[in-house]
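Participant: Attaching a single structure in structure tokens format; questions to follow.
The values are calculated or read from the model by the stated rules, or taken from the named source; none is laboratory data. Keep in mind that this is a model prediction, so the values were computed, not measured. In this analysis, Cβ positions are derived from the backbone assuming ideal geometry, glycine residues included, and neighbour counts consider all displayed protein chains. Accessible surface areas use protein heavy atoms only, side chains included; no ligands, DNA or RNA. Shrake-Rupley method; radii C 1.70, N 1.55, O 1.52, S 1.80 Å.
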Amino acid sequence: SKEAAHNGYRVYNEVMSESFRAYLTLGGGLRTAIEECQFELYYQPKIRLSDEFTVGAEALLRWRHPELGMISPDRFIPIAEESGLILPLGEWVIREACRQLKAWQMQGLEQVSVSVNLSSRQFMHPDLVEMVRSALDETGVDPKYLELELTESMLMADANETVEKLHAFRKMGLNLSIDDFGTGYSSLAYLKKFPIQTLKIDRSFVQDLGVDAIVKATIAMANSLNLKVIAEGVENRQQIDALVGYECQEVQGFLFAKPMASDEFSAYMQQSNAP
Ligand code: C2E
Ligand code: CA
Ligand code: CA
Ligand code: CA
């Protein structure tokens with residue numbers, strides 16, 4: 001009916017205006033936020049299953065908004081991508097992660113490695129390799145402690161250019177991982193042509209573990225390709241038991257720790273690795 005159509009239009013309109021409002025609040029604030037350094041990196045421990053030692057961390061971006069409080073990256077990364085602000089923001093993330101790595105190494109946390117997430121626009125940028133190189137040079141961090149997390153879709157975009165870029169990073173000594181594995185459309189056979197070291201299995205697959213033949217098969221195949229496997233989003237011991245049985249090497253998840261501020265992370269690592 002005419003009325004239903006009218007209501008439908010109104011609902012649509014409200015949805016539009018709400019996301020537009022979010023865009024104005026967050027998108028408009030993003031530039032200022034970068035200028036005023038309202039960002040912070042949180043670190044989620046990566047746990048090695050053989051001894052449950054903390055061997056590294058994933059750096060996760062947080063926006064400490066002066067009025068709205070802590071904003072999660074799922075809300076502002078898409079806006080930053082669309083506006084292009086992901087480039088200065090992503091550069092800050094890499095420089096900050098390197099600075100923090102150096103600070104931890106000076107404190108005696110010598111073996112910690114840190115992974116950072118890249119967005120696709122950032123990955124496609126022609127200056128990325130040189131930017132990462134300069135961040136490492138300026139901080140004096142050994143590249144083997146820095147890892148880049150890429151997604152399947154980034155590798156699907158332009159395979160030739162991508163392979164070249166990944167080889168440039170490998171030549172520098174960085175480690176490379178595939179994030180959210182299983183959510184894209186690539187296969188391990190396809191990924192074989194990229195020089196990657198680690199596969200991170202997406203949380204959605206880890207959730208119903210115990211019955212999941214997909215996770216088991218993925219880990220077996222990854223192991224046969226000499227890839228390290230990290231299971232994401234581990235929340236209970238049953239999942240750990242299954243993953244140990246499947247010969248998964250590392251996990252991340254709330255069972256061990258949520259992402260935390262840098263000083264909390266160093267305390268956590270020292271405590272969990274104490275003899
Ligand atoms: P991601 O890379 O898949 O990161 C893992 C997300 O899962 C994090 O959310 C983390 O807090 C959450 N998580 C970890 N363990 C568990 C668990 O056991 N249970 C549950 N329910 N969740 C868990 P976060 O920090 O909100 O980040 C969301 C996404 O934002 C990230 O997903 C990543 O795609 C993106 N992101 C975060 N930081 C950056 C960044 O610096 N650059 C870019 N481009 N993207 C980032
Ligand atoms: Ca990630
Ligand atoms: Ca992930
Ligand atoms: Ca994700």
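Participant: If we keep just the residues of the stretch 139-161 that are within 16 Å of ligand 4 (Cβ to nearest atom) and open to solvent by 20 Å² or more (accessible area, probe 1.4 Å), which is nearest to the chain's Cα centre (by Cα)?
Facilitator: Thr151
Participant: Quick one: would you say Ser120 is at pLDDT below 95, small (Gly, Ala, Ser) and within 15 Å of the chain's Cα centre (by Cα)?
Facilitator: Yes.
Participant: I'd like to verify a number: residues in the stretch 182-202 that are open to solvent by less than 70 Å² (accessible area, probe 1.4 Å) and part of a loop (DSSP other than H, G, I, E, B), how many?
Facilitator: Residues that pass the stated criteria total 9.
Participant: Continuing with this model, one more query. Hey, can you tell me all the residues within the stretch 50-61 that are away from ligand 3 (no atom under 14 Å from the Cβ), open to solvent by 20 Å² or more (accessible area, probe 1.4 Å) and touching a residue at least 40 places away in the same chain (Cβ under 8 Å)?
Facilitator: Passing the criteria: Ser50, Glu52, Phe53, Val55.
Participant: Just need a number here: residues in the stretch 238-255 that are away from ligand 2 (no atom under 16 Å from the Cβ) and either among the hydroxyl-bearing types (Ser, Thr, Tyr) or closer than 30 Å to Ala103 by Cβ (or both).
Facilitator: 3
Participant: Just one of Met172, Met154 is free of Cβ contacts under 8 Å to residues at least 60 places away in the same chain, away from ligand 3 (no atom under 16 Å from the Cβ) and under 26 Å from Tyr43 (Cβ atoms); which is it?
Facilitator: Of the residues listed, the single one that is free of Cβ contacts under 8 Å to residues at least 60 places away in the same chain, away from ligand 3 (no atom under 16 Å from the Cβ) and under 26 Å from Tyr43 (Cβ atoms) is Met172.
Participant: Give the residues of the stretch 265-275 that are open to solvent by 20 Å² or more (accessible area, probe 1.4 Å), out of contact with any strand residue (DSSP E or B) (no Cβ under 8 Å at 6 or more places or on another chain) and part of a helix (DSSP H, G or I), sorted by residue number.
Facilitator: Answer for the stretch 265-275, where residues must be open to solvent by 20 Å² or more (accessible area, probe 1.4 Å), out of contact with any strand residue (DSSP E or B) (no Cβ under 8 Å at 6 or more places or on another chain) and part of a helix (DSSP H, G or I): Ala267, Gln270, Gln271.
Results for (1) more than 27 Å from Ala217 (Cβ to Cβ); (2) open to solvent by 10 Å² or more (accessible area, probe 1.4 Å); (3) within 16 Å of ligand 3 (Cβ to nearest atom), shown as yes or no for each residue.
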position	(1), (2), (3)
Asp137	yes, yes, no
Val163	no, yes, no
His167	yes, yes, no
Asp180	no, yes, yes
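Participant: Tell me which residues, restricted to the stretch 203-254, are in a loop (DSSP other than H, G, I, E, B), within 16 Å of ligand 4 (Cβ to nearest atom) and surrounded by fewer than 17 Cβ atoms within 10 Å (Cβ to Cβ).
Facilitator: Hits for the stretch 203-254 are Glu235, Phe254.
Participant: Oh, and also: Which ranges mark the strands (runs of 3 or more DSSP E) fully within the stretch 1-112 that have 1 or more residues being at pLDDT 95 or above?
Facilitator: 39-48, 53-65
Participant: Another question about this same structure. Just the residues that are closer than 18 Å to Gln111 by Cβ and charged (D, E, K, R), please, taken from the stretch 227-275.
Facilitator: Once the filter is applied, which keeps residues that are closer than 18 Å to Gln111 by Cβ and charged (D, E, K, R), the stretch 227-275 yields Lys228, Glu250.
Participant: Being among the charged types (D, E, K, R) and away from ligand 2 (no atom under 16 Å from the Cβ) is the filter; apply it to the stretch 197-237 and report the residue that is nearest to Gly173 (Cα to Cα).
Facilitator: Among residues in the stretch 197-237 that are among the charged types (D, E, K, R) and away from ligand 2 (no atom under 16 Å from the Cβ), the one nearest to Gly173 (Cα to Cα) is Lys216.
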